[in-house]
1. Step by step: first the residues of the range 1-33, then only those that are among the polar types (S, T, N, Q) and not in a loop (DSSP other than H, G, I, E, B), then the one that is farthest from Lys46 (Cα to Cα). Which residue is that?
2. So Glu77 fits all but one of (1) in contact with a Pro (Cβ under 8 Å, 6 or more places away or on another chain); (2) of a type in the set (Asp, Glu); (3) more than 23 Å from Glu25 (Cβ to Cβ); what number is the exception?
3. Among (1) farther than 16 Å from Lys57 by Cβ; (2) charged (D, E, K, R); (3) touching a strand residue (DSSP E or B) at 6+ places or on another chain (Cβ under 9 Å); (4) loosely packed, with under 15 Cβ neighbours inside 10 Å, there is one condition Arg125 misses while meeting the rest; what is its number?
4. Test Val109 against the criterion of being exposed (fewer than 15 other Cβ atoms within 10 Å of the Cβ), at pLDDT below 95 and aliphatic (A, V, I, L, M), and give yes or no.
5. Restricting the search to the range 46-68, which residues are within 20 Å of Ser9 (Cβ to Cβ) and either assigned to a strand (DSSP E or B) or β-branched (Val, Ile, Thr) (or both)?
6. From the list Ser93, Ser80, Ser116, which one is among the small types (Gly, Ala, Ser) and in contact with an Asp or Glu (Cβ under 6 Å, 6 or more places away or on another chain)?
7. What number of residues in the range 88-103 are crowded, with 16+ Cβ neighbours inside 10 Å and in contact with a Ser or Thr (Cβ under 6 Å, 6 or more places away or on another chain)?
8. Restricting to the range 34-45, name every residue that is crowded, with 16+ Cβ neighbours inside 10 Å and either of a type in the set (A, V, I, L, M) or not in a loop (DSSP other than H, G, I, E, B) (or both).
Amino acid sequence: MNTKTLALSLNAPKEKVFTYISDIENLPKWATGFCKELKKEGSDYKVVTCEEEVYFKFDADKNTGVLDMTAGPNKQEMASWPARVVGLHDNTSVFIVTAVQFPEVPDDVFDMQVNSTYEEFENIRQAVE
């Protein structure tokens, strides 16, 4: 399994960044490479990607800043991309995401996912700074 940890430094306080990212309704605004559309089915959310429709959820803890993202074809097969918002001094913060290449994900798709995350970081920056 291949991983790549990405970090985004922001001139915004942890609380503001965490609140923005953890609001699932904001996902289509910042995760534009991943989320083409967000659907709600009962209490579940589904993301329409370029290739498929997947269940999606955040496992979020405001106190620790943990904001793990999980997605999968059904609720029993959810893959996680661990994430965290860390508060720094002077009301700055960093958003850290570990991209995980699961065995069924080809190298070129993983590279595309990582590259789109860098683009999505700019969407977050524009929204919170």
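1. Here the residue is Ser9.
2. (1)
3. (4)
4. Yes, satisfied.
5. Residues satisfying the conditions are Thr64, Val66, Leu67.
6. Just a single option satisfies the conditions, and that option is Ser80.
7. 2
8. Leu38, Tyr45
The values are calculated or read from the model by the stated rules, or taken from the named source; none is laboratory data. Note that the coordinates shown come from a computational prediction; the quantities given were computed from them, not determined experimentally. Don't worry about glycine lacking a Cβ; one is built from the backbone with ideal geometry, like all the others, and counts go over all protein chains shown.
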